[in-house]
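Shown next, in structure tokens, is the structure this report addresses.
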Amino acid sequence: MDREELLKLIADINSPDNLIRNFSANIFLNIKDDESIAFLYDAVKTANTYAKAMFIKLVASGKKKGRKKYLLGMMRDPDASIRAEAAAVIKKSAHMFAADDYISMLGSSCRAARLTALEMLAENPEEKLTGELITSFLASPPKNDELDLFESALKYICLHAKSDAGARLKYAALVTESFRTGRAEVLKSALKYAHFLAGEDVMLEIYREFIFKRGENIDRAVIDSALNFSSAGAFDFLARFAADDSADGLLRRKCLVKLIDSGEPAHISNCLELIVRGSDHALKFFCWNALQNIDRAKMTLILTGLINSAKSAHDKLEYLTLLSLLTVKTQRSADAALRMYSENSDRRIKAAALELIGRNNFKGLLPEDFLPGLARSIFTRDFPDIKGAAIPLLVKYLSQGHLESLFAGCCNDARDYTLFCEAYIKRVRGRTFPAAEDCGEYKFYKRVIKSLFEYKDIDLIAAAAALATYKGLTDFIHEYARSVNLSRGGLYSRIIRKILVSSLKSAPGAAKFFIENAREADLILYVNLLKETSSVDALKAVANYFFGADASGGGRPHLNGAGETAHSGPLYYAVKDAVYFITKNNIDRVFEAARWPEFKNDNFITLLTGAFLSGLKEAALPGDSGFGAGAGVGRFTALYAKNPDLMNFYKTISKKLGVEDKFSFYNILQKNGGETALEIISELG
């Protein structure tokens with residue numbers, strides 16, 4: 001192609017006509033003549049971005065003469081996107097670049113070419129250039145707009161010239177110069193590689209000279225670098241920084257965690273002394289977490305030593321708190337805790353020592369007379385601090401006989417009583433007592449639980465209910481039920497309510513026993529609790545109580561009576577609501593009521609009929625929960641079973657339905673039951 005055709009081709013690849021543009025681009029990318037390519041290289045320099053990008057694609061495809069020259073030339077283009085495209089092609093073509101090419105690129109006045117060369121070298125460990133050329137980048141601190149070049153050079157040196165003494169010396173000199181001139185941005189890049197490029201001793205000497213002198217940004221770069229060191233000098237340097245309360249909190253945290261992670265007792269002791277004297281709770285949190293990874297036997301020795309040497313009660317308490325979390329269960333640890341209790345006059349330290357003993361299950365390691373003696377002594381003087389730790393400890397460990405004596409003493413003070421009950425509820429959590437009713441342990445359990453209802457402490461009642469066994473719950477089920485209405489119930493009342501509902505659902509006959517022993521004043525509450533179980537057993541219990549053969553006698557309320565007593569009042573509406581709710585939720589089982597004696601009670605049948613029709617209409621609605629999608633879908637097949645109970649149920653309730661409701665009932669059955677439904681409707685008449 002002659003030059004005029006090539007110029008025309010450049011114009012055509014920018015044509016607004018898609019057909020011309022695509023056809024021309026295809027021709028352009030298939031040019032193979034070296035002279036034509038050389039001409040295009042000069043021509044596209046003044047063309048638009050699209051033409052330049054097309055030229056880069058042309059050069060990138062196949063083996064073109066002068067390919068490297070063209071790509072490097074495009075690296076000088078003023079358009080950043082063109083430079084980026086050329087750099088991407090060069091990186092993919094690293095195999096065709098020799099050492100001389102890299103040297104040429106590194107010495108180029110074009111910043112993009114130098115950066116690309118360094119990035120290629122850093123990614124290509126096979127290429128090794130002379131240290132002299134690379135370290136020329138370290139002759140002086142870089143300009144701010146060439147920090148990426150500088151960092152790429154450091155990466156290359158890390159890979160290829162770590163042992164180059166000249167490079168290491170120049171690096172150290174450059175870092176020192178950057179410190180003196182306050183070039184934080186240079187140091188941020190340079191110090192990342194300090195542990196690769198210079199000896200720790202050399203860098204630490206520089207760091208010691210400038211730390212705390214050039215501002216937080218430079219201090220941050222220094223500490224981030226020193227955290228990668230592992231020499232004894234590095235740990236001493238970090239400890240010095242961490243000891244300064246005015247230092248940046250985040251950096252102090254990193255230093256302290258690094259020192260703790262070293263596992264060295266001296267470093268850990270120093271860190272703990274710094275932490276307990278400070279008030280930075282976030283700092284304590286991270287350091288406490290780091291301590292969890294240290295061997296507990298080692299931590300026990302360290303903390304015991306710190307407790308013995310601590311001058312203030314505050315420090316002793318801090319160490320004791322940690323020791324209670326990190327100690328190991330040994331006779332030595334138990335003896336140390338006992339000494340702390342007996343040898344200290346500060347009641348807070350005594351209490352902390354008792355908490356340590358209780359938390360770590362030291363019972364078998366204590367002298368036989370310690371617990372009985374403690375139980376006798378805590379009531380001789382009013383020491384709330386010590387009681388707060390002693391009573392839970394005693395409840396946890398004392399024998400049954402001593403426990404009863406302790407309870408008697410605690411009942412004289414509201415705070416002591418609460419402490420005892422909280423600990424006792426935890427002690428008997430999930431405990432299965434012997435079956436004998438005269439069992440001393442169970443008698444005491446009943447005595448404690450009974451006292452909760454006398455004190456009307458809803459917090460403790462809720463805790464007892466949540467942790468009780470089934471027997472422990474059912475023996476006090478009426479007391480728990482009545483506690484739902486205690487003032488200040490709120491969340492605790494809801495907890496008790498859920499536990500009761502779960503208990504009533506878990507055992508056959510529980511619902512019947514529950515309501516038969518209800519007081520008349522509590523009937524509405526009891527009916528509502530049974531409703532929440534949403535079980536057929538609960539419906540049967542309600543039906544038996546209010547509509548059974550004995551419903552009109554024995555002092556039970558008259559829901560079978562006439563007028564006001566039968567169909568009005570809060571109790572009647574509670575019963576009606578329960579029947580409707582349970583029936584709706586058991587629409588596929590409610591026909592079992594046909595077997596019950598109560599099914600002969602006209603008032604009960606009336607309630608059940610309305611509830612069943614309402615539930616049936618809801619179930620017939622299309623959707624995941626209904627059976628409107630097809631005949632007898634899923635659990636609703638029971639509604640078409642044609643067994644005696646079902647047919648008796650349908651016949652009885654259909655007599656209670658008016659013409660309109662009966663039509664609706666039959667329509668739902670037929671719509672969703674097909675031929676089977678027609679047979680049922682035919683029998684119903």
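The values are calculated or read from the model by the stated rules, or taken from the named source; none is laboratory data. Owing to the predicted nature of the structure, the values given are computational and were not obtained by experimental measurement. Here the Cβ is made from the backbone with ideal geometry for all residues, glycine too, and neighbour counts use every protein chain on show.
Among helices (runs of 4 or more DSSP H) lying entirely in the range 186-284, which contain 2 or more residues that are under 28 Å from Cys158 (Cα atoms)?
Qualifying helices (runs of 4 or more DSSP H): 194-197, 200-210, 216-226, 232-242, 249-261.
Candidates Tyr417, Tyr424, Tyr397, Tyr442: the one that is out of contact with any helix residue (DSSP H, G or I) (no Cβ under 8 Å at 6 or more places or on another chain) and surrounded by 13 or more Cβ atoms within 10 Å (Cβ to Cβ) is Tyr442.
Are there any helices (runs of 4 or more DSSP H) wholly within the range 1-69 with 2 or more residues that are over 28 Å from Met96 (Cα atoms) and either more than 59 Å from the chain's Cα centre (by Cα) or of a type in the set (Val, Ile, Thr) (or both), and if so which? Before the answer, list the steps.
On the way: elements: 3-12, 18-28, 34-44, 49-60.
By residue number, 3-12, 18-28.
Within the range 560-591, if we keep just the residues that are at pLDDT 90 or above and of a type in the set (D, E, K, R), the residue that is farthest from Val527 (Cα to Cα) turns out to be Lys584.
Residues checked against (1) in a helix (DSSP H, G or I); (2) modelled with pLDDT under 80; (3) not assigned by TED's automatic domain parsing to the domain that holds Ala47:
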residue: Leu72; (1), (2), (3): yes, yes, no
residue: Arg76; (1), (2), (3): no, yes, no
residue: Ile82; (1), (2), (3): yes, no, no
residue: Glu85; (1), (2), (3): yes, no, no
residue: Lys91; (1), (2), (3): yes, yes, no
residue: Ile103; (1), (2), (3): yes, yes, yes
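Just to check your reading of the model, which residue among Thr418, Thr432 is of a type in the set (S, T, N, Q), in contact (Cβ under 8 Å) with a residue 24 or more places away in the chain, under 30 Å from Glu355 (Cβ atoms) and in a loop (DSSP other than H, G, I, E, B)? I'd like the intermediate steps shown before the answer.
On the way: Thr418 fails: in a loop (DSSP other than H, G, I, E, B).
Among Thr418, Thr432, only Thr432 is of a type in the set (S, T, N, Q), in contact (Cβ under 8 Å) with a residue 24 or more places away in the chain, under 30 Å from Glu355 (Cβ atoms) and in a loop (DSSP other than H, G, I, E, B).
Inspection of the range 622-637 identifies no residue that is closer than 19 Å to Glu532 by Cα, assigned by TED's automatic domain parsing to the domain that holds Ile668 and at pLDDT 60 or above.
Just checking, how many residues over the range 515-529 are of a type in the set (A, V, I, L, M, F, W, C) and more than 40 Å from the chain's Cα centre (by Cα)? If you could, list the steps in order and put the result at the bottom.
Looking only at the range 515-529, we keep the residues that are of a type in the set (A, V, I, L, M, F, W, C), and these are 515, 518, 521, 523-525, 527, 529.
Then drop every residue that is not more than 40 Å from the chain's Cα centre (by Cα), which leaves 515, 518, 521, 523-524.
Residues flagged as of a type in the set (A, V, I, L, M, F, W, C) and more than 40 Å from the chain's Cα centre (by Cα) within the range 515-529 amount to 5.
Looking only at residues of the range 474-512 that are in contact with a Phe, Trp or Tyr (Cβ under 7 Å, 6 or more places away or on another chain) and buried (at least 17 other Cβ atoms within 10 Å of the Cβ), we find that the one that is nearest to Asn544 (Cα to Cα) is Leu504. Reported count of residues in the range 261-277, each being surrounded by fewer than 23 Cβ atoms within 10 Å (Cβ to Cβ) and β-branched (Val, Ile, Thr), is 2.
Of the residues Ala84, Ala60, Ala47, the single one that is under 16 Å from Ile10 (Cβ atoms) and of a type in the set (Gly, Ala, Ser) is Ala47. Exactly one residue out of Thr176, Thr181 is at pLDDT 70 or above and touching an Asp or Glu at 6+ places or on another chain (Cβ under 9 Å), and it is Thr176.
In this structure, Ala518 does satisfy being in contact (Cβ under 8 Å) with a residue 12 or more places away in the chain, more than 30 Å from Arg415 (Cα to Cα), among the hydrophobic types (A, V, I, L, M, F, W, C) and not in a helix (DSSP H, G or I).
A single entry from Leu608, Leu613 fulfils the requirement of being under 51 Å from the mean Cα position of the chain (by Cα), in the same structural domain as Glu683 (by TED's automatic domain parsing), more than 30 Å from Glu520 (Cα to Cα) and at pLDDT 90 or above: Leu613.
For the range 184-198, the criterion of being under 27 Å from His267 (Cβ atoms), free of Cβ contacts under 8 Å to residues at least 12 places away in the same chain and basic (Lys, Arg) is met by no residue.
Starting from residues that are out of contact with any Lys or Arg (no Cβ under 8 Å at 6 or more places or on another chain) and within 15 Å of Val542 (Cα to Cα), keep the ones in the range 603-616 and report whichever is surrounded by the fewest Cβ atoms within 10 Å (Cβ to Cβ). Show your work before the answer.
First, pick out the residues of the range 603-616 that are out of contact with any Lys or Arg (no Cβ under 8 Å at 6 or more places or on another chain): 603-604, 608, 610, 612-613, 616.
Cutting the leftovers down to within 15 Å of Val542 (Cα to Cα) gives us 603-604, 608.
On the way: Asn603: 18, Phe604: 24, Leu608: 27.
Applying the filter and picking the extreme gives Asn603.
The conditions are (1) free of Cβ contacts under 8 Å to residues at least 24 places away in the same chain; (2) exposed (fewer than 15 other Cβ atoms within 10 Å of the Cβ); (3) in contact with a Lys or Arg (Cβ under 8 Å, 6 or more places away or on another chain), and Met74 fails exactly one of them. Which is it? Looking at each condition in turn, Met74 falls short on (2). Within the range 156-175, residues that are surrounded by fewer than 14 Cβ atoms within 10 Å (Cβ to Cβ) sit with their Cβ atoms under 8 Å from residues that are polar (S, T, N, Q), at 6+ positions apart or across chains, in these pairs: Gly166/Thr135.
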